[in-house]
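Asks: Mind having a look at this structure? Questions to follow.
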Amino acid sequence: MSKRRVGRAVVAAIAVVAAVTTPVAAAQAAPAAPSVADRLRDDFNGDGYQDLAVAAPRGKVDGQAQAGYVAVVYGSAKGLDLTHKQVLSQNTPGIPGAAETNDDYGDGLAAGDLDGDGYADLVVGAPGESVTDVTAAGTLAVLWGGKQGLSGGTAVATGTEEDRVDPETPALGDFDGDGHLDLATGNRLLSGPFDRTTGAAKSRTLAIEPAYVTDDVAAGDVDHDGITDLVALIHDVSDDDMHDPDYRHRRAVFLRGTHDGLSAPAPVNNADGTRMRGGESLGVGDVDKDGYADLVIGRPNDGFGEVDLDDPLLKGGQIGVVHGSANGPDTSRTTIITQETPGVPGSSEWSDGFGGGISVGDVDADGYADVSTGSASEDLGEVYAAGQVTVLRGGKKGLTGEGAFSMNQNTENVPGTAEQNDFFGADTNLLDVNGDGRAELFAGATGENRDGAVWAFPNPVNTPTATGSVSFGAGTLGTVKSGSSLGRGFAR
């Protein structure tokens, strides 16, 4: 699986402080101008079409096992152009570092214009990268966009024994409202503007709290003040809390963006003050078009690590929506979606993994954010863990099962055949690669042919469809089949 997905765990440093659900008097926020984070995403060559970046962190590079690489396929008026592509690794000229065994290059991707030149850049994490004699110190690099696409790069964070880099969950946003994108991970904040020589303008630790694990982070304007906020999903594995049977409880924390930067992280609590359940996969977007970005929390792990394992709402996984407000996440307005929700295809079965690989986008250009999710361990008949993807619609009532649809490799016109342990839907992505204002759907299957592959579903009539869908893997990319886990993660 991938970051934001089943089983993602990265040691993080996030403190838990005062609750954010205490009512605070505030007037309805006026509509905010589009943030710098929203102006340019994923268009690496500046041609007006978003481009698809996908990770293969276990790919073999020049004989180095699990060195990892990133594949970029460029968008066009006709959609994804499989003839216009790049494969980038640490052995690519101009890219920082060198491909080495177990670097896991690409296990952490984010896209945005970090140097303000009008071309989107690509943030790439390498969590397994060793630095001198420090094993798995981790690194983050920015690959720079330009008229010819991505080329060259700059290392922007390098781990040490005392301060390892947490590169698997990068998120971009203008967290201080200065007009420059910033880069946040589970344990540090790199502030823009970024320079191709020196990297970030400044860097700081992000509120250290020992023994916390970050499952995912995502950015969006939750309180609608024009400054990007940050949300993190975390859980506690400290020995000090072992006496608490609920010590592994997943939780969410909210870091408000201000002109002074991100606030201290505050727990997202239920309306009654109890701790709200977190999750493992996260997206942020306005599913009810009220101007406030909403938290879309995927909980694919059947209540993994929780006390109430028999909670029927967690069987097979679920998605929880917490609506945004002027005060931040408003847990008095929440929605739970499962495969038992009316309109959602399928049924909830243990270990389906529904809620993994969350992506938020607009598939029908109606202004309401829609959500794609995988259930990568879904059995199809007798085929174990074949996997499928589901798209849920936003609307006036928020995210519901109305208009939802699913696809898998047994769906007519979808390339391939559902096989055991394909893990189709290990990650998903909603991205507008043909510039028509409607997002297309992309899905990764990390177990396909024991190497991984990616599926692209066109969107001709406000709904991604199997008709005309294509897939690509090592053969198309010209890479070596090596258990690469292609499709483990998309840039976001």
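Asks: Pairs of lysine in the chain with Cα under 25 Å and at least 8 positions apart or on different chains: total?
Replies: The result is 12.
Asks: Tally Lys/Arg at +1 and Asp/Glu at -1 over every other residue whose Cβ is under 11 Å from the Cβ of THR331; what's the total?
Replies: Result for the neighbourhood of THR331: +1.
Asks: Over the range 444-488, what is the relative contact order in whole percent, taking alpha-carbon pairs under 8 Å and six or more residues apart?
Replies: On the way: 76 pairs, mean separation 22.5, N = 45.
Once divided by the residue count of the range 444-488, the mean separation gives 50 percent.
Asks: Give, to the nearest whole percent, the P(r) tail of the chain beyond 35 angstrom, counting all Cα pairs.
Replies: Details: 28463 of 120786 pairs.
Of all Cα-Cα distances in the chain, 24 percent exceed 35 Å.
Asks: Here's something else I'd like to know. Net charge near GLY261, counting Lys/Arg +1 and Asp/Glu -1 over other residues with Cβ under 9 Å of its Cβ? Numbers along the way, then the final one.
Replies: Numbers: positive: ARG204; negative: ASP176, ASP182, ASP260.
It works out to a net charge of -2.
Asks: In what sequence, highest mean first, do 469-476, 165-172, 45-52, 383-390 appear when ranked by Cβ atoms within 10 angstrom?
Replies: Highest-to-lowest ranking by the protection proxy: 165-172, 383-390, 45-52, 469-476.
Asks: Still on this structure, I have one more. For the chain, give the magnitude of the charge dipole about the Cα centre (Cβ charges: +1 Lys/Arg, -1 Asp/Glu; no others), in debye to the nearest 20. Provide the component values of the computation, followed by the final result.
Replies: On the way: 34 positive and 73 negative charges, 137 e Å.
Here the size comes out at about 660 debye.
Asks: Just to confirm a number: summing +1 for Lys and Arg and -1 for Asp and Glu over residues other than ASP436 whose beta-carbon lies under 14 angstrom from that of ASP436, what do you get? Spell out each step's value before the answer.
Replies: Details: positive: LYS78, ARG438; negative: ASP362, ASP364, ASP366, ASP432, GLU440.
Net charge around ASP436: -3.
Asks: Given a Förster distance of 22 angstrom, what is the FRET efficiency for VAL87 paired with LYS202, based on the Cβ-Cβ distance and rounded to 0.05? Let's see the in-between values first.
Replies: On the way: r = 33 Å, r/R0 = 1.50.
That gives a FRET efficiency of 0.10.
Asks: Sticking with this structure for a sec: Report relative contact order for the range 34-160 in percent, whole number only (criteria: Cα-Cα under 8 Å, sequence separation at least 6).
Replies: Relative contact order of the range 34-160: 23 percent.
Asks: Another question, then. Under the rule of -39500 (n - 2.57) per DSSP H run of 4 or more residues, summed and divided by the residues of the chain, what mean residue ellipticity at 222 nm is obtained, to the nearest 500 deg cm²/dmol? Let's see the in-between values first.
Replies: Values: 2 runs with 8 residues, N = 492.
Counting only the DSSP helices, I get 0 deg cm²/dmol.
Asks: Next question. Pulled fully out, how much extra length does the chain show between GLU162 and ILE336, if you take 0.36 nm times their separation in residues and subtract their Cα-Cα distance?
Replies: Working: separation 174, 0.36 × 174 = 62.64 nm, distance 3.99 nm.
Stretched fully, the GLU162-ILE336 segment lengthens by 58.6 nm.
Asks: Taking amide H positions as placed 1.01 Å from N in the peptide plane, with prolines and chain starts having none, which residues 5 or more places from LEU282, or on another chain, fall under 5 Å of its amide H?
Replies: GLY298, ILE358
Asks: Okay, next question. So what J values fall out for the range 476-489 if you push phi through Karplus, 6.51 cos²θ - 1.76 cosθ + 1.60 with θ = phi - 60°, rounded to Hz, Gly and Pro as x?
Replies: Result, ordered by residue: 5, 7, x, 9, 8, 5, 8, x, 6, 6, 4, x, 5, x Hz.
Asks: Along the principal axes of its C-alpha atoms, what lengths does the range 34-160 span, in descending order and rounded to whole Å?
Replies: Principal extents (Cα only, largest first): 45, 31, 20 Å.
Asks: Let me ask you something else. Roughly to the nearest percent, how much of the accessible area of the chain is carbon and sulfur, given a 1.4 Å probe?
Replies: Values: 8850 of 17930 Å².
Looking at the chain in its full context, I get 49 percent from C and S.
Asks: Within 10 Å, count the other beta carbons around each residue, average over each peptide in 321-332, 337-348, and list them highest first. Numbers along the way, then the final one.
Replies: Numbers: 321-332: 22.1, 337-348: 17.8.
The densest-packed peptide leads the list: 321-332, 337-348.
The values are calculated or read from the model by the stated rules, or taken from the named source; none is laboratory data. All values derive from a computational prediction rather than experimental measurement. Every residue, glycine as well, gets a Cβ built from its backbone with ideal geometry; the counts of neighbours run over all protein chains shown. When the accessible area is computed, the model is the full protein with side chains, heavy atoms only, and any ligands, DNA or RNA have been set aside. Shrake-Rupley method; radii C 1.70, N 1.55, O 1.52, S 1.80 Å.
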